[in-house]
1. Of all the stretches in the chain, which is the longest one without any exposed loop site, taking trypsin sites (Lys or Arg not before Pro) in a DSSP loop (any state but H, G, I, E, B) with at most 12 other Cβ atoms within 10 Å?
2. What accessible surface, in Å², does a 1.4 Å probe find on V25, ignoring ligands, DNA and RNA and rounding to the nearest 10?
3. List, in the order given, every pair from K32/K169; K44/K146; K55/K146 whose Cα-Cα distance in the structure shown is over 29 Å.
4. Using heavy-atom solvent-accessible surface (probe 1.4 Å) with all chains present, what is the largest-first order of C202, C7?
5. In whole Å, what is the distance between the alpha-carbon centres of the range 117-160 and the range 1-77?
6. How big is the range 61-180 along each principal axis, measuring the range of its Cα positions in Å and listing the largest first?
7. Compute the semi-axes of the equivalent ellipsoid of the range 2-141, taking the square root of 5 times each eigenvalue of the Cα gyration tensor, and list them largest first in whole Å.
8. Express as a percent, rounded to the nearest 5, the fraction of DSSP beta bridges in the chain (both residues included) that run antiparallel.
Amino acid sequence: EGAFSSCIGLASIDVDLRNLSYKSVNGVLFNKALTTIIAYPSGKSGSYVIPNSVKSIGESAFSGSSGLTSVTIPNSVTSIAAGTFSGCSGLTSVTIPNSVKSIGAHAYFGCGFTSVTIPNSVKSIGEGAFSNCTGLASVTIPNSVKSIGAYAFASCGGITSVTIPNSVKSIGEGAFFSCTSLASLTIPSSVTFIAAGTFGGCSGLASIDVDLRNLSYKSVNGVLFNKA
C-alpha cells in the first residue's frame, strides 16, 4: 500500500508479462486480474478513466498525483480507500459513483476541487476524508450517511454552507475544525453525539441551530447546549 505514492517523477510502472501477480496497463499498476488498481504513477498528468473491470482501489493508489485533473470511477467500485486521492491538488473534477458505500480516511485530503457530490449510497465519511480541500465551497451530505468522521472537513476554509441530513447520528471530533467561512449550521433531530472541537476555529460561525425534535442537544440564541 502506497509503495510508490508521491514519487512525483514516476511516469510509468511496467510489469514483466510473465509476472503472475501483477499487470501494467498504460503504465498503471494493477493486480493480474485487473480487479484492483494498486498504483497510479504520481508523475502522470491529465484525466484518467479507471477500467470497468476494477472492483477496488488500493490505499493511496493515486496519492501525490498533483498533475491528475479528473478521474472516472466505474460503478463496480464500492469503496474509496484510505488516502486514495490524498494530495491530488490538481484534481478539479470529482464524480463518485452510486455504487460507493464508504469514503475512507484522508481519501481526498488536500484535493483541488471546488465542489463534490456525495451519492446517496455512501453510509460513512472517514476521518479527514475531505480535510484541507481549501477550495471546497459547499457540501451536501446525502441522507444515507450515518456518521461523519473526525476532521472529515477540517481546514476547508472555503466552505460557506453545509447541509447535514436527518440520517446522521454522530459527528466526529473536529469534523468542521477551522472551516473559517462557515457562517451558520443546523443540527438535525437525528444527531445524538457531537464530539469535542467539532466546530473549533470556525471564526465565521455566528449561529448553530438545532432541530427542536432533537433529544440530545438544544440551541439558545445560536449557542449549542446539551438538552438539559
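The values are calculated or read from the model by the stated rules, or taken from the named source; none is laboratory data. None of these values were measured; they are calculated from a predicted model. Glycine also receives a Cβ, built like all others from the backbone with ideal geometry; neighbour counts cover every protein chain displayed. Heads up: the accessible areas ignore ligands, DNA and RNA and are worked out on the full protein's heavy atoms, side chains in. Shrake-Rupley method; radii C 1.70, N 1.55, O 1.52, S 1.80 Å.
1. Working: sites that count: R18, K32, R213, K227.
The reported range is 33-212.
2. Here the residue's solvent-accessible area equals roughly 50 Å².
3. Values: K32/K169 41 Å; K44/K146 36 Å; K55/K146 24 Å.
Beyond 29 Å: K32/K169; K44/K146.
4. On the way: C202 15, C7 55 Å².
Largest accessible area first, the list is C7, C202.
5. 25 Å
6. Taking max minus min along each principal axis of the Cα atoms, the range 61-180 gives 36, 34, 19 Å.
7. On the way: eigenvalues 118, 57, 27 Å².
Square roots of five times the eigenvalues give 24, 17, 12 Å.
8. On the way: 10 of 40 bridges.
Just about 25 percent of them are antiparallel.
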